[in-house]
1. Residue 98 versus (1) open to solvent by less than 60 Å² (accessible area, probe 1.4 Å); (2) on the phi < 0 side of the Ramachandran plot; (3) touching a helix residue (DSSP H, G or I) at 6+ places or on another chain (Cβ under 8 Å): which is the lone unmet condition?
2. Give me the pairs: first residue in segment 72-100 and closer than 15 Å to residue 152 by Cβ, second residue part of a helix (DSSP H, G or I) and open to solvent by less than 90 Å² (accessible area, probe 1.4 Å), beta-carbon distance under 6 Å, and six or more apart or on different chains, which are they?
3. Kindly indicate whether any position in segment 72-80 is modelled with pLDDT of 95 or more and either assigned to a loop (DSSP other than H, G, I, E, B) or touching a helix residue (DSSP H, G or I) at 6+ places or on another chain (Cβ under 8 Å) (or both).
4. Which of the residues that make up segment 108-131 are of a type outside the set (A, V, I, L, M, F, W, C), in contact (Cβ under 8 Å) with a residue 24 or more places away in the chain and over 16 Å from residue 49 (Cβ atoms)?
5. Go through segment 34-70 and count every residue that is assigned to a helix (DSSP H, G or I), open to solvent by 70 Å² or more (accessible area, probe 1.4 Å) and farther than 30 Å from residue 147 by Cβ.
6. Looking at segment 107-127 only, could you name the residues that are open to solvent by 60 Å² or more (accessible area, probe 1.4 Å), in a loop (DSSP other than H, G, I, E, B) and more than 29 Å from residue 143 (Cα to Cα)?
7. Within segment 16-47, track down each residue that is over 24 Å from the mean Cα position of the chain (by Cα) and among the aromatic types (Phe, Trp, Tyr).
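The values are calculated or read from the model by the stated rules, or taken from the named source; none is laboratory data. Quantities reported herein were computed from a predicted structural model and do not represent experimental measurements. Reconstructed Cβ throughout: ideal geometry from the backbone, glycine too, with neighbour counts over all protein chains shown. Side chains are part of the model used for accessible areas, which takes the heavy atoms of the whole protein and leaves out ligands, DNA and RNA. Shrake-Rupley method; radii C 1.70, N 1.55, O 1.52, S 1.80 Å.
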Amino acid sequence: MVIRRLIAGLSHACLYLAALGAALMAVLISYVVVLRFGWHQTPHWAEELPRFILVWSAFLGGVACTYRRSHLTAGLLSTILPDGPLQDFVRKIGDVAMIFGLAVLGYAGWELSELTMGQPLPAIGVDAGYVYLALPVACAAMVIVQLGQLFGLVSDEAKES
């Protein structure tokens, strides 16, 4: 099914971008540490650029975690309820609650992003709104993934991918 592949592709793209961001952050921070302690100089972007990349990497990585259902959970559902229709129903209620929560969070992130556009970060000159834009972008992607899970478009094999 095309939608299933699109959701899987969205998840994998977010995972790869998050991994790329984490690798880039490791390189940048190593560079800053060498400059700071080796030559007693610190680049002007030493805090803002890694933070920018960290925020985007964390939220994009959250999309992959949503796809794999690997976010931190209490795990009580499978111990309290036996496998079957009731457990599936409770899981669907959780999916609907997640979609609602992500929509509210994404909207708040969009509002914050709009509010801070035009306020450049001093060291890198990028509008602060672009940092906060990670929230609505990731929430929108997570809503798509969560809808796929709600309607059975994300298979259980997603946990292994």
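1. (1)
2. These pairs meet every condition: 95/146; 95/149; 95/150; 99/143; 99/146.
3. No - not one qualifying residue is present in segment 72-80.
4. Across segment 108-131, the qualifying residue is only 109.
5. Result for segment 34-70: 4.
6. Hit for segment 107-127 is 122, nothing else.
7. Within segment 16-47, 31, 37, 39 qualify.
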